[in-house]
Amino acid sequence: MNEPAWSWLPLTLVIVSTLTLLISQRWRWSIIAFAIQYIGMFWMISWEWPIGLAAVKLVTGWMAGAVLAISQPGTALAETGFTRISGGGFKLITAALTWVMAFAIAPSLQTLFPAASAYLMGAIILIGMGLLQLGMSHQPLRVILGLFTVLSGFELLYAAVDRSVLVAGLISGVNLGLALVGAFLLVNPEPEETL
Amino acid sequence: MSTVTFWIFVPFGVSILLVLFNRFIRITRWIAAGVTLGLALAAAFVNFDELVLLGGRAYELSTSFSVLGRQLVLNSNDRFFLVLVYGLGAFWFLGAPAAGTHRLFAPLGLAIIAILVASLAVEPFLYAAPLVELAVLVSIPMLVAPGRPAGQGVLRYLIFMTLGMPFILLGGWALNAIEINPANDTLLLEAMLLLGLGLAFWLAILPFYTWLPLLSGESQPYNAAFLFSLLPTVVFFLMLNFLDAFAFLRNSPVFFQGLQLAGTIMVATAGIWAAFQRDLTRLFGYAVIQETGFALLAISLHSETGLALFAAGLVPRLIGFGLFALSLSVMQSRNVSLRFEDEGLAFWQVPIASLASLVAIFSISGLPLLAGFPVRQPLLEELGAGSIAVAIWALIGSAGMMYGGLRYLSALFRREPTTGQPGEGWYQIALLSAGVVMLFVAGVFPTPMISMMLNVLSGFANLF
């Protein structure tokens, strides 16, 4: 399949945003990176889907980001297991390994998924970086962001093979539900009372 | 009027109302119990193919409902499944006052049941994956009590269940692609791999079961057990749907060998860990893993008998989990430690709950005269006929669980007896005693239970 023009640009957005999500200790940067990640994803899906349908992904992602942003406490991303420099360095190395893996296996995936190479690289990087995030953190916000990243990668793969409006709608519902669950886990509501 | 409206939209609507009024905890529990019991009875007695007489007028029940070009279908074949699922809901909601569940349990539990029924009703059923994921998301506030932080078990549960959805969706796509191109062996292998991974995540099959003992330890046992009994039941039925719909899948020996291997490892490892467990909540987690393993082993037999044993095992599993979880919740509500070293004291504080949990453990491990035995014994016999090694490992797993029960029994009677009133309330005593009696009755007279449960398989016309 032919590579769309400027295909490296959304791929770069995905790489930079997922790396920021993995390393950042500040929630504002993470939410901005999360929003940029969805721009990259929307850009890529627009190669396969009509713009209107692809925009559903962008709107859903941004809404989820907004829900998480308004419900996070200031310490939601604070890590206890890593020091700042060594932890960041370790994460950077593992992220680099994920990029290498994505560049290596994306061409062979083209036999299964009829999509451009940059598109498949983006999907694999999202899945890989999301799994790294899930494997390295115990914080609810990081876990939720990691799940969103994995699901974004999967949505890219699935969009290449299926254009069902119902599935798109249900997955958007799942994304919004995940954001609400994230908000619930972060807000930690008031203690139990019975009437 | 549509069956979909009655058995999906009505309970879902009621659950939304109950969420809005969740602070009236006693009322919401009884309404949820009443609605589920009513729907279970209606499914048992209303024939979907005939006119329904209501207030002197006859109404026709339509069995499908269209959403965005897809169908939700609940027809006569689904009646016994509806009885099972809504009966299961009524069973748990009726026990909620005794277990002292938090205010979101009944409203969200009802919503979960409605969503999971929708996941089995949607056609094509490949669209079930996002619905199951929605049910998982709804279950999170039920597992994390208001005002408490989420533990590792809940986060792992969320991660593993969410990772299952993409695999099922992609597996579904691959299955559809195979129907167009049946000669493509690579695609067949990929479809089985993707579906296998998706089901492994959803059913907490080895190695994705680490969250089970964690979750049973950190959430309220009763809430966790509700999910442990409901989610696997629905996912098993989804799996049977896959097998029923795709001939190449049900004719694939590799798929059933995989099920058998996973089931054997789960039964054996859960039994071995249970034998050395010193915490009742974690023992409960291992009991859940073992029950899932035995269900996989029954399906892996790839025969009518195996399927019948799977269906027959649903009731002992439900009663066993319910009784075990209720006992643990009663003990927790009385601030009784659930660690073995403190159980000597526990027995004299909450004697009925302690004994009920013991009976539940022995039933789950397949002790004769209890509900688990009439299903476990023929299952081991069938497994032995196929592979003696598998039967021996399954027996080791059962023995490990039983040994865990015996260690608990020894811990219970470690202290000198003291006199005093039982710590349980009358409703708790009534439910715990009823659970124990039901396990004995189902163990001594298993035939009616087994023949009734075989009806849930009526929807799978192509299986075996």
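In table form, for the structure just shown:
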| quantity | calculated |
| --- | --- |
| Of all residues in the stretch A:126-164 being within 9 Å of chain B (Cβ to nearest Cβ) and charged (D, E, K, R), the one that is surrounded by the fewest Cβ atoms within 10 Å (Cβ to Cβ) | A:D162 |
| Index of the failed condition, B:L193 passing every other in (1) surrounded by fewer than 20 Cβ atoms within 10 Å (Cβ to Cβ); (2) aliphatic (A, V, I, L, M); (3) modelled with pLDDT under 85 | (3) |
| Output for the stretch B:46-59, where each listed residue is loosely packed, with under 12 Cβ neighbours inside 10 Å and touching a residue at least 12 places away in the same chain (Cβ under 8 Å) | B:N47, B:D49, B:Y59 |
| Residue count for the stretch A:165-186, restricted to those that are under 30 Å from A:Q110 (Cβ atoms) and facing chain B (nearest Cβ under 8 Å) | 8 |
| Number of positions in the stretch B:70-84 that are more than 20 Å from the chain's Cα centre (by Cα) and either buried (at least 23 other Cβ atoms within 10 Å of the Cβ) or in a helix (DSSP H, G or I) (or both) | 4 |
| Some residue of the stretch B:165-173 being within 9 Å of chain A (Cβ to nearest Cβ), among the aliphatic types (A, V, I, L, M) and under 18 Å from the mean Cα position of the chain (by Cα) | no |
| Selected residue (only one of A:L178, A:L170 is crowded, with 18+ Cβ neighbours inside 10 Å, modelled with pLDDT of 90 or more and not polar (S, T, N, Q)) | A:L178 |
| Boolean, B:A106 is within 25 Å of B:G459 (Cα to Cα), surrounded by 23 or more Cβ atoms within 10 Å (Cβ to Cβ) and more than 10 Å from chain A (Cβ to nearest Cβ) | no |
| Residues within the stretch B:290-310 that are surrounded by fewer than 22 Cβ atoms within 10 Å (Cβ to Cβ) and assigned to a loop (DSSP other than H, G, I, E, B), tallied | 2 |
| Filter result for the condition that a residue is within 20 Å of the chain's Cα centre (by Cα) and closer than 29 Å to B:L215 by Cβ, over B:L199, B:L193 | B:L199 |
| Residues of the stretch B:3-45 that turn out to be crowded, with 17+ Cβ neighbours inside 10 Å and either part of a loop (DSSP other than H, G, I, E, B) or among the polar types (S, T, N, Q) (or both), as a count | 5 |
| Members of the stretch B:68-91 that are more than 30 Å from B:L431 (Cβ to Cβ) and touching a residue at least 12 places away in the same chain (Cβ under 8 Å) | B:R70, B:Q71, B:L72, B:V73, B:L74, B:N75, B:S76, B:N77 |
| Qualifying residue in the stretch B:87-95 (condition: out of contact with any strand residue (DSSP E or B) (no Cβ under 7 Å at 6 or more places or on another chain), surrounded by fewer than 17 Cβ atoms within 10 Å (Cβ to Cβ) and more than 14 Å from chain A (Cβ to nearest Cβ)) | no |
| Any pair with Cβ under 7 angstrom, 6 or more apart, that starts in the stretch B:164-193 at a residue that is free of Cβ contacts under 8 Å to residues at least 40 places away in the same chain and ends at one that is part of a helix (DSSP H, G or I) and hydroxyl-bearing (S, T, Y) | B:L170/A:Y158 |
| Some residue of the stretch B:102-115 being touching a residue at least 60 places away in the same chain (Cβ under 8 Å), out of contact with any Gly (no Cβ under 9 Å at 6 or more places or on another chain) and not assigned by TED's automatic domain parsing to the domain that holds B:L18 | no |
| Wholly enclosed helices (runs of 4 or more DSSP H) of the stretch B:201-283 bearing at least 1 residues assigned by TED's automatic domain parsing to the domain that holds B:G320, closer than 21 Å to B:S333 by Cα and at pLDDT 90 or above | B:221-245 |
| The lone exception for A:S117 - which of (1) more than 10 Å from every other protein chain (Cβ to nearest Cβ); (2) more than 30 Å from B:A145 (Cβ to Cβ); (3) crowded, with 22+ Cβ neighbours inside 10 Å it fails | (3) |
| Failed item in (1) within 14 Å of another protein chain (Cβ to nearest Cβ); (2) modelled with pLDDT of 95 or more, with B:L17 passing the rest | (1) |
| The stretch B:110-136 - residue that is more than 13 Å from chain A (Cβ to nearest Cβ) and of a type in the set (V, I, T) and, of those, surrounded by the fewest Cβ atoms within 10 Å (Cβ to Cβ) | B:V117 |
| Some residue of the stretch B:282-289 being over 22 Å from B:F81 (Cβ atoms) and surrounded by fewer than 23 Cβ atoms within 10 Å (Cβ to Cβ) | yes |
| Residue ID - modelled with the highest pLDDT, chosen from residues in the stretch B:145-164 that are more than 15 Å from B:F201 (Cα to Cα) and at the interface with chain A (Cβ under 7 Å from one of its Cβ atoms) | B:Q152 |
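Condition check ((1) surrounded by fewer than 19 Cβ atoms within 10 Å (Cβ to Cβ); (2) of a type outside the set (D, E, K, R); (3) within 30 Å of B:G258 (Cβ to Cβ)) across all residues:
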residue	(1), (2), (3)
B:E382	yes, no, yes
B:S398	no, yes, yes
B:Y403	yes, yes, yes
B:S410	yes, yes, no
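The values are calculated or read from the model by the stated rules, or taken from the named source; none is laboratory data. Model, not experiment: these values are computed from the prediction. Neighbour counts run over all protein chains shown; Cβ positions are idealised from the backbone, glycine included.
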